[in-house]
Structures are given as structure tokens and as C-alpha cells.
1. Under the definition of partner shielding as Cβ atoms of other protein chains within 10 Å of a residue Cβ, what is the mean value for peptide A:93-99?
2. Please determine, in degrees from 0 to 90 and to the nearest 10, the orientation of helix B:182-197 with respect to the longest principal axis defined by the Cα atoms of chain B, where the helix direction is its Cα long axis.
3. Quick one: which bits of region B:379-399 get at least 10 Å² less accessible when the partner protein chains are in, versus the chain alone, with a 1.4 Å probe?
4. For chain B, with the dipole built from +1 on Lys and Arg beta-carbon atoms and -1 on Asp and Glu ones, taken about the Cα centre, which of B:Pro230, B:Tyr21, B:Val303 lies farthest toward the positive end?
5. Under the rule a/c < 1.5 gives rounded, and otherwise a/b versus b/c splits prolate from oblate, where does region B:230-290 land using the Cα gyration tensor?
6. Per residue of region B:352-359, in order, report the coupling 6.51 cos²θ - 1.76 cosθ + 1.60 (Karplus, θ = phi - 60°) as ³J(HN,Hα) in whole Hz, putting x for Gly and Pro.
7. How far apart, in nm, are the 7 Å Cα→Cβ label points at A:Ile82 and B:Asp123?
8. Normalised by the empirical 2.2 N^0.38 Å for globular proteins, what value does the Cα Rg of chain B take?
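The values are calculated or read from the model by the stated rules, or taken from the named source; none is laboratory data. Everything quoted here is computed from the prediction, not taken from an experiment. Every residue, glycine as well, gets a Cβ built from its backbone with ideal geometry; the counts of neighbours run over all protein chains shown. Heads up: the accessible areas ignore ligands, DNA and RNA and are worked out on the full protein's heavy atoms, side chains in. Shrake-Rupley method; radii C 1.70, N 1.55, O 1.52, S 1.80 Å.
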Amino acid sequence: MSYTLMFYESQDDFAARTDPERQKEYLAGWTHYVHALREAGIVVFGSGLHAPDKAATMKRRGGELAVQDGPFAETKEQLGGIFVIDVPDLDTALEWAARGPVDTVEVRENLPALK
Amino acid sequence: MRMDAHPNAHRIIEQTASEAYGRLLSYLAVHWRDLQAVEDALGDAFVAALETWPKVGIPDKPEAWLVTAARRRLIDRARRSRVSASALPTLLALSEEAQRLASAGADLPDERLRMMFLCTHPDIDPAMRTPLMLQTVLGVDAARIASAFIVKPATMGQRLTRAKAKIRAQRLTFEPTDAEEMPARLDAVLEAVYAAYGSGWDEAGPADSPGRSLTKEAIELGRLLVRFVPGEPEAHGLLALMLHCEARLPARHDDEGNYVPLSEQDGARWDAERMQEAERHLHAASQHGRLGRFQLMAAIQSVHAQRLRTGRTEWGAIAQLYEGLVQLQPTLGALVGRAAAVAEAYDAHRGLELLEAIPAAAVASYQPYWALAGHLYKRLHRDDEARTAYSRAIGLSTDMSVRRFLSRQAAML
């Protein structure tokens, strides 16, 4: 079964990515986690995402197309990266989510590919 | 604002709910096998108490009142669903017994041991035995159980419902029917209580274990079990093990919240009362002259505790106890623990040899293995391997303070 882990990061986490004093520690957390995931042989795909202030969001309002700067919704925590993993069940996927270096991880099962 | 004639009522109801829930539920369930229906009925009875007691006062026998109210719900339900006419006499008899006991001033019989046996019936999925026991015997809510076991709450709820439906549909029995079956069934109960505590504690250094948020509940189950089967040495052993581990709780983190491994803990911060209680149970267990894995695990923790008096850890003794444990049941925890003890007692090479003999596939996501591997490689100055192992251990940890501790260890390379 394939699941997507969605890692949500706080403003502070996003700031740590570029803060010279905290950058190393922040990145190390991810390095170790990615290492453990890869060694377990379950990774299908994974990628970190640039900070939400770099995002562009397309929205159609009443058929009219509008593009806005920033993320879809202004929330305290924003999507910071994803991993698609191949594990037997949701329990195992949650186990891996708990090991992630962030405080909020959403887990969803992936739909099968469209034919 | 509503004026309550009996302001203490709410407090008494809460108290009764936390103290007697499992007892009342077990008592009702023994007579009325539909666990789900009994839970619903008892829940309704508590709601009725919340509505009634503040107005009319607390009944003389709150528990008998609740049983009677729950019984009434069960009868209503049975009538509505016309389950079977034969069920009604059971319910009526149940109510009569409750009334009779209440008027005689006697307590309701404690059926929680039978409930523990039911929850660990061989036909119940082993993974669901502990959650079922936590919910029925202690009244822990499903959402908390789900979080402790890192399971989606809706999934946990469904699995609990399914287990209860199975108990009803297959008419699973409460206790073993013959003496031959007894040891295996008791073992299943012990195993389920141990799983509530969360294994892996301190056995091989900086291990973390997700089940930890229910340690108090696990100890409560352990105490109950010892009360019900005082002649069973393994029940004493299991309780001693949990109490020794729990005694270390105040020393596991320093004042800044940093994780402190067992060998570096300040023994003065250990909970002396819990350790004494643990030792009493270990002693009680030893009177029976029948060794088991929980007694061995407790004995290992007891040797660690002796450092408080002697100032040193007898690693040789610990290694021997682990050897015994591996002979009895070579679990991953025991194998990794033995490697750690041998490394401390003799030399790191021998410890590493034992560690590396564990099949790689078994440890791909077993954090204690990698934490110990990092430690041993470091001691042997195999820095690159140490770095890789520490990295795996950090990536597999769920506890922030353990992660930080391991990062500091890796940074010292």
C-alpha cells in the first residue's frame, strides 16, 4: 500500500532553514530521518518544499481565474515536504510519521493510478 | 445556573466512575456477554446518575444503584430488539443479586480477572488484547489508546468494536476451562499488560518506546493481577519490572529536559518507594522457585538499582541474566540487551559480535539496535560506522530528547 506523509512546519521551522545558527541542526534532523526511511527500503518518492511565501496559488472564483501570492490558506503550520512510502498498512505509515522531525504530519493513503 | 441540592454528587460520580468502572463493567459483562451493550448501558447509567444524584442525593450503595440502572437499560434494549426471551431471566437474576448484595452490605464480586482472561482469549487478535483490556478493565477511552499505540482513532474504534462483536458472536469464554490451558492463558494476560507498559525501556541504552503514555495504567493492571493471582511468580515479576522502570522516571531527564541514559542517571533521583515495592514483589516471586522471563527482566532492573547502594553496576550479573532471558525467549529486546551487557561486562568486540549476529531484516526499523550499534562502534573507534548507525537511530526515534541525546553522541565523534 502506498501512503503520503505530509510534513507541516511552523514559521519558526521555515526560518530555521535559512538561519545560519540553526540551519545545520534543522537539516540534520531531516538527513537522519531520510536515511532511516531509505535504509528501510520503503521510499517511493520524497521532496522538501520551498517556504510558502514563495508559493503561487491559482484560484478560480465564479469561473474567473485569479493568481495570488503565497499559500492556499494562511495557517500557522504549512506544508513543508512530502514522502510517498510503500508500507503494509496505515499503522506502519503512522509509525514512520511519528519519527519525522516535525510536530505535525498528516498521513493519507494514495489512490491507485488512473488507467 | 442550576442549583444542586447535593453539590458533592458530581465528585462522587466521577470518583465512582474512575474507581469502579472496570469492576462494574466486568460484573455486568460476566452475566451479559454483549460487551458493547453493557458498555452502552453502563454509560447511560452514569449519565442517569449525573441527572438524578444531584437532585435526590447520593444513594447508599452507589455501585448497586448503577448496576440496577444499567440492568434496566439492558432489559429495555433486549425487549426492543427482541434478542431472545431467554435473556431476560439472566438480567432479572443479575439485578436481584445486585440488590441482595447491596442490602447485605456486601460488595459486588470483582470479576476483573475474568475480564482480563476474556480480553486475551486466543481467538482475539494479539494486537487488540491490550487495547481491549485498557478499555474494559480501566475505562481508558479509545482515543487515548489510539494515540498511545500510534493508530488512527477511527481504526482503533473499529477494531475494538470488531473484537467485542467476535466475543459475542463466538461466545468466547472468560476463563480457561481446564487447568492445562491455564499457564498459556495467564501468559497471554501478562503479555498484554506488559505491552501496555511499552517494551524496550532502558534495556539497551537510549531506547524510546511509543507505548509509554500508559505506564500508570499498565502498573494498575499489574497490581490488579498480583491481587488476583498472588501465587503466580510471573505476575509479581512483571509488576516488579514495571515498578523498577517507573522509579527511574524522575531521573530520565535532567532539569533542562535532556535525556539521561540509565548508566549516567543520578540514583538519588530514583523513586525509592517504588524501588522498594519492586523488590518486595521480586522477593515474593522468588519464593515460588519457578523462574520466568518477567522475573528475569525485573532482576536485571534490580541489579541496575543496586548501583545506588554499591556505587557500581554489576554488568557481569546483568549479562548472565540476559543470557537466561535469551534462552527463554530470544526477543529483539533481549538480544540487543544481552549485547549491551556483554559489551559492558567484557569487551565491546564481543558485544558487537552478538549485535551483528542479529539478522539485518529484523532490525531495519528497530531503534535500540542502532543506538547500541552507534555506541559500540564509537567505543571501537570505527567512526564512520558509528556515524551511520547513530544517524539511523536518530531517524528511527520518536522521542525528541532521545534524538537530541543521540545527536550529541554522534557530534562527539
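1. For this peptide, the per-residue mean of nearby foreign Cβ atoms is 6.
2. Between the helix axis and the principal axis of chain B, the angle is about 70 degrees.
3. Listed in order, they are B:Thr388, B:Ser391, B:Arg392, B:Ile394, B:Gly395, B:Leu396, B:Thr398.
4. B:Tyr21
5. Because a/c hits 1.5 or more and a/b exceeds b/c, region B:230-290 counts as prolate.
6. For region B:352-359, the Karplus-derived couplings read 5, 4, 5, 5, 5, 6, 6, x Hz, x marking Gly and Pro.
7. With each label point 7 Å from Cα toward Cβ, the separation is 4.4 nm.
8. The reported ratio for this selection is 1.13.
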